[in-house]
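One structure is given below, encoded as structure tokens.
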Amino acid sequence: MAYKGETRSRNKPNTNTRLRKKKFVETKAMASTRPYNYLPGLIIYHILQLLPTKLAAQASFVSKQWAEAWSSIPVFGFKEGDPYNHDGNFRLRMRYQGDAKVLDAWLRSAVERSVKELDISLRNVPTVKPYCLPQTLFDAKLLTTLSLEDVRIEDNADQPISLPSLKSMSYKMVDFEGMALSNLISACPWIEHLSLNLCDLGSWTWKLKISSSSLKSFEIFDCYSRHIEVEAKNLESFKFDSDFELLESMALFDCTNMKCINIFSQHLQHLILYALCQNSVEATINTPNLHSFDFSGYLMANVSMAPLKFLSDATLILLDHIRGPTFSLPLNHFSTLRDYLEHFECSKKLKLYIHDAEGVMFPEDFREAFPSPLPNLKHLNIVMNSAVEGIQSELMESLHWMAPSVENPSIESLSRTNSSSTITGK
């Protein structure tokens, strides 16, 4: 009997063993239904940071805990075929096939995470309309750098735009509807750099108007617009290069801090450069088909201009003060003026505004040493602030040397003694 009892005792499961097996089965079942929930949130956060963006986005669907960790990552990058590189930017490189809702969600997530640098480049399928940026992107309060390629921006004048931290914008192959770009610039009080490349600058109006008190650098390459107008008092550098056949006019207003100008256009017809108050401006202007040129500022000593064979009308307002208690005549004034005027030798008409008559009274020895800068000019109109009494004869001799083909140059004095007097004669 004892033997049999001992046998039964050995075959009967121990109570502790049963509990251990039950706990193991429950743990295994829990692990099978929630395989990652046992990981601390910090570990999940670091895992997601190390994963490529595609895999990290997929992993966020594992559980609520992983989704929360994914949403807490401040910035992310997405480049097809390349692993994710955490460098503090939101970078998106992909072929766009019309999945706008997915892109909207990503951009909304980026704005919610307060990204500072955003770079989007989409390769559009020819049959798909370019991706239109969502309104949420234009409410990124901390965004400092924005780079866009192959997207579309609608002209939503009734929608608020707030980009108070944005300093640099770069657009390539971007379609701006109507006044979208102008409205965007107006909403960026600290913008310093703007670059446009192969962009449609408003197919509705064909006119681009930029007004900014903070813009320092502006470059435009091969963009589509008939009229371009820029008013930027702190602009230091302006570069324009375009062969757009319908381009008609360009105007730079109140660019009092300008240091460098480069303009290349085979089709530009009208150019206005107003209030260039730096006498050290370096300018390269290659506009062979220009019809009219208006300039206001100081003599540009470092200017290079291609021959203006089709120029018919030029207006030059020179702000240089020649005489007065605190002004003296620069030693190189006449050589600089002659070289500058020579750029307009093909013009039919020239209107020249100067402060003082002495500014165009070339010395006799200078006239004997150098040829006339305007040998083919037919019409010359001089407007000055000073009176011409007592120097009329010497002034006319200088003007006839300056433009020998002009039979009857016109001189208009706006002095206080002669509020408005016009002198003509040989």
key: THR127 being open to solvent by 30 Å² or more (accessible area, probe 1.4 Å), farther than 21 Å from SER195 by Cα and under 25 Å from the mean Cα position of the chain (by Cα)   = no
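Could you go through segment 272-289 and let me know if any residue there is in a loop (DSSP other than H, G, I, E, B), open to solvent by 20 Å² or more (accessible area, probe 1.4 Å) and closer than 20 Å to ILE228 by Cα.
yes
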ask   = With LEU299, LEU268, LEU311, LEU331 as the choices, which residue is modelled with pLDDT under 85, touching a Ser or Thr at 6+ places or on another chain (Cβ under 6 Å) and either open to solvent by less than 20 Å² (accessible area, probe 1.4 Å) or not in a strand (DSSP E or B) (or both)?
value = LEU299
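Conditions tested, residue by residue: (1) open to solvent by less than 60 Å² (accessible area, probe 1.4 Å); (2) at pLDDT 95 or above; (3) over 22 Å from GLU236 (Cβ atoms).
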| site | (1), (2), (3) |
| --- | --- |
| GLU112 | no, no, yes |
| LEU146 | yes, yes, no |
| GLU154 | no, no, yes |
| MET179 | no, no, yes |
| GLU192 | no, yes, no |
| SER203 | yes, no, yes |
ask   = Consider PHE238 against the criteria (1) in contact with a strand residue (DSSP E or B) (Cβ under 7 Å, 6 or more places away or on another chain); (2) at pLDDT below 95; (3) under 29 Å from ASN332 (Cβ atoms): it satisfies all of them except one. Which criterion is unmet?
value = (2)
request  = Return yes when ASP155 is under 21 Å from PRO189 (Cα atoms) and in a strand (DSSP E or B) and no when it is not.
outcome  = no
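The values are calculated or read from the model by the stated rules, or taken from the named source; none is laboratory data. Only a predicted model underlies this, so the values are computations on that prediction, with no experimental measurement involved. In this analysis, Cβ positions are derived from the backbone assuming ideal geometry, glycine residues included, and neighbour counts consider all displayed protein chains. Remember, those area values only see protein heavy atoms, side chains included, never the ligands or the DNA or RNA. Shrake-Rupley method; radii C 1.70, N 1.55, O 1.52, S 1.80 Å.
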